[in-house]
Amino acid sequence: MIIALADQALSEMDNQEAYAGTPETGICMDNGGISPAFLADDSDLSGDDAMRPEIRKHSFIRCLKTLQMSETQIGQVKSLLRDYKVCNAEAVKRAMAIYRELHATYKEKYYRIWQAFQAGTITEREFKKRAEELRIAFKRELRSLQLKEKLGIAFARCFKDFLGDLKPVLTERQWNAFTQCIRRKV
């Protein structure tokens, strides 16, 4: 079960979409192309602030919050989430560095086709076609660089460790509810 849940989190990372933003932002991906499951931390468990709503809404945190855990369990889970964040820290750092570098390159490419469209050198249809090609190429190249850096392996290892440590903290009923919630697509 734990391996299947980690595989699901990795596939969510693969399925994230790149989108064309403004000429100033270029081609982008939410969270630097990192699945929200790999960015969750202890602040998300009790947090309702406006800073990280997408992480709480689109990660396993949403499922944890439905479990009606005791104060003792909440403390233990927060501790596990702190460890999880530490485990993921280096992979997140590398993933964000890859994203920033690639984003800068594609931002420039997007801006050039935007300028060509504004100057009338290419039609709106051609602009949209090229922007779509850039979007697809960006996503493909980012995924290739993530694979080359073995980021998925690092993220999956940390997630498996977290889940393995989480299971004994929860009751059987809570664990089953948690895993069912995650499988339904966070």
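A short reminder: the numbers here are calculations on the coordinates, not readings from a lab. Fair warning: this is a prediction, and the values are worked out from it, not measured in the lab. Reconstructed Cβ throughout: ideal geometry from the backbone, glycine too, with neighbour counts over all protein chains shown.
Structural size metrics of the chain, computed from C-alpha coordinates, are Rg and Dmax of 19.2, 65 Å. On the basis of the beta-carbon distance and an R0 of 22 Å, Thr171 and Ile3 show a calculated FRET efficiency of 0.50. Full extension of the chain between Lys160 and Leu147 gives 2.8 nm of extra length, using 0.36 nm per residue less the Cα-Cα distance. No disulfide-compatible partner, judged by a Cβ distance under 4.7 Å, exists for the following cysteines of the chain: Cys28.
Based on the Kirkwood approach, the hydrodynamic radius assigned to the stretch 80-186 is 17.1 Å, with every pair of different Cα atoms included. Relative to the longest principal axis of the Cα atoms of the chain, the long axis of helix 172-183 makes an angle of roughly 10 degrees. Relative contact order of the stretch 29-186: 33 percent, from C-alpha pairs under 8 Å at least 6 residues apart in sequence.
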